[in-house]
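As structure tokens, the structure follows; a few thoughts come after it.
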2 protein chains.
Amino acid sequence: MKFYSGVTLVTLGVENVERASVFYESLGWRRSKGASQPAITFFALNTLALALFPRDALAADSGIDPGRLAPLGTFSGVALAQNHGSRAAVNSVIAQARAAGATIVQPPRDADWGGYHGVFADLDGHVWEICFNPFFPLAADGSVTLPL
Amino acid sequence: MKFYSGVTLVTLGVENVERASVFYESLGWRRSKGASQPAITFFALNTLALALFPRDALAADSGIDPGRLAPLGTFSGVALAQNHGSRAAVNSVIAQARAAGATIVQPPRDADWGGYHGVFADLDGHVWEICFNPFFPLAADGSVTLPL
């Protein structure tokens with residue numbers, strides 16, 4: 001099975017999305033107006049997207065039980081994501097991660113934002129979301145394109 | 001001042017670099033043999049590099065005092081990095097982050113690996129390393145190229 005070797009999205013869990021968004025804007029970044037919503041801000045960075053999302057919501061949305069994320073014992077507040085082109089690809093990657101010893105934090109399921117995703121924690125508790133998002137087109141090189 | 005809007009490197013702090021490297025290889029990734037060393041593994045992912053490095057060394061190398069990284073209270077174990085083309089650019093970005101309210105975890109200084117870097121924590125304790133690495137060439141689009 002082909003595994004897309006990339007990180008398409010890094011999400012930072014924050015206390016206050018607007019405050020954090022203003023911080024990154026003050027560093028010269030521009031938020032993606034088409035993709036951002038009151039609850040989440042996206043920045044398009046070349047082939048990578050950075051998202052700012054409430055920390056608690058990020059944990060809940062990913063089905064994270066902090067107690068299971070050894071050895072941190074607490075959620076790091078960072079989630080790395082890989083976007084794939086289909087539900088079947090998401091299922092395959094999660095199965096492959098499970099076979100490699102990852103903890104499946106959330107088996108693949110339909111997301112309330114209209115996509116499909118599964119979440120695993122690697123051997124050190126780092127969280128990866130494997131997702132299919134029909135709203136973020138996937139380029140040939142595996143990168144995502146955010147709506148402007 | 002121009003701020004390079006990108007993430008060039010994501011470093012995951014791990015307990016055992018070899019164990020973690022084998023995990024990611026089992027997902028189909030290939031480690032960069034030219035860049036990797038016994039203490040650190042690099043994977044080249046399109047325009048982004050992922051590194052696996054001992055968690056304690058990552059904290060020490062970044063000058064991190066976990067108690068100062070509110071609200072986490074502990075180091076997340078993840079460091080995002082931006083590579084820049086000069087020492088002066090590193091100084092500028094750190095100054096800009098300080099002005100925007102970031103905690104300067106480590107003022108810019110020469111690194112023992114031959115480069116120059118400074119570290120800040122954003123308003124939520126997320127760690128960014130701003131560095132000049134003469135061994136990782138910087139492309140026109142701001143991405144880094146790892147030695148094969």
Fill in the blank from the handout: Going through segment B:83-127 in order, the residues found to be over 17 Å from B:Val10 (Cα atoms) and of a type in the set (S, T, N, Q) are B:Ser86, B:Asn91, B:Ser92, B:Gln96, B:Thr103, B:Gln106
Practice task
Looking only at segment A:110-124, decide whether some residue is assigned to a strand (DSSP E or B), closer than 26 Å to B:Asp122 by Cα, more than 14 Å from chain B (Cβ to nearest Cβ) and modelled with pLDDT of 85 or more.
Solution key: yes
Exercise for the section: Would you point out the residue of segment B:125-139, among those that are within 16 Å of B:Ile64 (Cβ to Cβ) and part of a loop (DSSP other than H, G, I, E, B), that is farthest from the other protein chains (Cβ to nearest Cβ)? Expected result: B:Gly125
Practice task
State which residue is modelled with the highest pLDDT when the search covers only segment B:65-90 and only residues that are in a loop (DSSP other than H, G, I, E, B) and surrounded by 21 or more Cβ atoms within 10 Å (Cβ to Cβ).
Solution key: B:Gly77
Practice task
List every residue pair whose Cβ atoms lie under 7 Å apart, where the two residues are 6 or more positions apart in sequence or sit on different chains, the first residue falls within segment B:49-64 and is buried (at least 21 other Cβ atoms within 10 Å of the Cβ), and the second residue, located anywhere, is in a loop (DSSP other than H, G, I, E, B) and among the polar types (S, T, N, Q).
Solution key: B:Ala49/B:Thr8
Exercise for the section: Run down B:Ala20, B:Ala60, B:Ala35 and say which single residue is in a helix (DSSP H, G or I) and over 22 Å from A:Val10 (Cα atoms). Expected result: B:Ala60
Handout entry: Output for segment A:8-65, where each listed residue is of a type in the set (Ser, Thr, Tyr) and within 11 Å of chain B (Cβ to nearest Cβ)
Key = A:Thr8, A:Thr11, A:Ser21, A:Tyr24, A:Ser26, A:Thr47
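The values are calculated or read from the model by the stated rules, or taken from the named source; none is laboratory data. Here the structure is a predicted model, which is why all the values come from computation and not from measurement. All Cβ positions, glycine included, derive from the backbone under ideal geometry; neighbour counts span all protein chains shown.
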